[in-house]
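Student: Just passing along the structure, written as structure tokens.
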Amino acid sequence: MHRGGSRRGTDRIVTRLTHTRERIDASAVGHVQRRFVQVDLTNQALILAALAFSLLVPVLVTLAALLPLGGTNSLPATVGERLGLSPGSAADLEQLFPTRTTVRGSSSLIGSVFTLVSAYAWPTALQRGYEIAWGIPTRGWRGLWRPLVWLTAFVAAGAVLLVLPVSPLGEPWRTALLLLLGTPVVFAWSWWTQHFLLRGAVSWRLLLPGAVAMTAGLLALRIAAGLLLSSAISSNYRHYGPLGIVFMLLTWLTVFSTVMLAGPVLGAALHERRMDAAN
């Protein structure tokens with residue numbers, strides 16, 4: 001009797017779990033999860049992170065040699081200041097980069113141009129991810145100029161942020177001010193990024209949920225960077241040297257790439273769900 005009762009209890013639990021799983025699969029949450037799997041979000045984010053590290057970092061180093069990015073002698077110190085890194089972690093980050101004088105002495109025009117051309121692969125991969133999410137065919141050579149324009153705007157915006165003065169407020173007031181002033185800018189950029197890379201094939205209204213999700217993710221990443229990145233960089237450098245910082249940066253770039261892809265995929269999945277419900 002006891003053994004039979006235990007078996008019936010187990011069967012009821014299994015039945016309830018099966019019904020719960022079926023309800024989740026039939027819900028909007030299940031549909032979004034399937035779309036994440038279909039677009040291979042994890043692997044796509046890893047590819048984007050690798051491209052961002054191997055291509056955009058050289059672009060920033062080149063900018064450090066060509067542009068007067070503030071009064072410090074290195075780009076990492078300037079970036080670290082904008083991310084809210086402690087002086088110690090910013091100094092650890094600098095170990096990955098040569099000084100501005102060294103970069104200027106070794107940089108050539110051909111090398112700088114080659115770096116910028118190579119970096120074109122990152123926005124191209126991002127554009128393709130958006131096209132897959134919305135089921136839009138690529139236009140081949142006719143659409144190649146859009147990733148280049150987007151990359152130029154992205155690098156220019158980053159350079160502008162680096163030369164802006166840092167707020168004298170201490171934490172957490174500096175972060176609060178950054179969120180207050182930066183949220184509309186990040187939202188507009190997220191919305192425009194989708195519309196521009198998708199060649200206007202999807203209306204602004206349909207792209208709104210994806211822009212909201214992307215904005216929330218990027219702001220959360222910025223807050224997490226201010227809270228966790230300093231200790232993570234210092235700890236990894238202390239235990240593994242410069243290689244530990246490489247792993248740390250790749251981790252954050254992977255999260256950043258996931259946010260950049262997941263927002264638009266979420267927006268596309270919610271639109272598909274609404275269309276299915278309407279039919």
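The values are calculated or read from the model by the stated rules, or taken from the named source; none is laboratory data. The structure displayed is predicted, hence computed values, not measured ones. Heads up, the Cβs are rebuilt from the backbone with ideal geometry, glycines too, and the neighbour counts pull from every protein chain shown.
Student: Taking residue 221 as the residue in question, decide whether it is farther than 24 Å from residue 123 by Cα and either of a type in the set (S, T, N, Q) or modelled with pLDDT under 90 (or both).
Tutor: no
Student: Out of 231, 203, 167, I need the residue that is more than 18 Å from the chain's Cα centre (by Cα), more than 23 Å from residue 48 (Cα to Cα) and either modelled with pLDDT of 90 or more or aliphatic (A, V, I, L, M) (or both). Which one?
Tutor: One residue alone meets the criteria, 203.
Student: Same structure, new question: Could you give me the residue pairs with C-beta distances under 8 Å whose first residue belongs to region 135-162 and is small (Gly, Ala, Ser), whose second residue is part of a loop (DSSP other than H, G, I, E, B) wherever it lies, and which are 6+ apart or on separate chains?
Tutor: Correct list of pairs: 143/199; 159/67; 159/69.
Student: Return only the number of the condition from (1) over 21 Å from residue 256 (Cβ atoms); (2) in a helix (DSSP H, G or I); (3) at pLDDT 85 or above that residue 110 does not satisfy.
Tutor: All conditions pass for residue 110, except number (3).
Student: Of all residues in region 125-157, which are in a loop (DSSP other than H, G, I, E, B) and either polar (S, T, N, Q) or under 17 Å from the mean Cα position of the chain (by Cα) (or both)?
Tutor: Matches in region 125-157: 138 only.
Student: Filter region 191-200 for residues that are within 16 Å of the chain's Cα centre (by Cα) and touching a residue at least 24 places away in the same chain (Cβ under 8 Å) and give the result.
Tutor: Result: 193, 194, 197.
Student: Still on this structure: So which residues in region 120-138 are within 21 Å of residue 206 (Cα to Cα) and surrounded by 12 or more Cβ atoms within 10 Å (Cβ to Cβ)?
Tutor: 126, 127, 128, 129, 130, 131, 132, 133, 134, 136, 138
Student: Is one or more of the residues making up region 240-258 more than 21 Å from the chain's Cα centre (by Cα), of a type in the set (Phe, Trp, Tyr), surrounded by 18 or more Cβ atoms within 10 Å (Cβ to Cβ) and at pLDDT below 80?
Tutor: Checked region 240-258: no residue is more than 21 Å from the chain's Cα centre (by Cα), of a type in the set (Phe, Trp, Tyr), surrounded by 18 or more Cβ atoms within 10 Å (Cβ to Cβ) and at pLDDT below 80.
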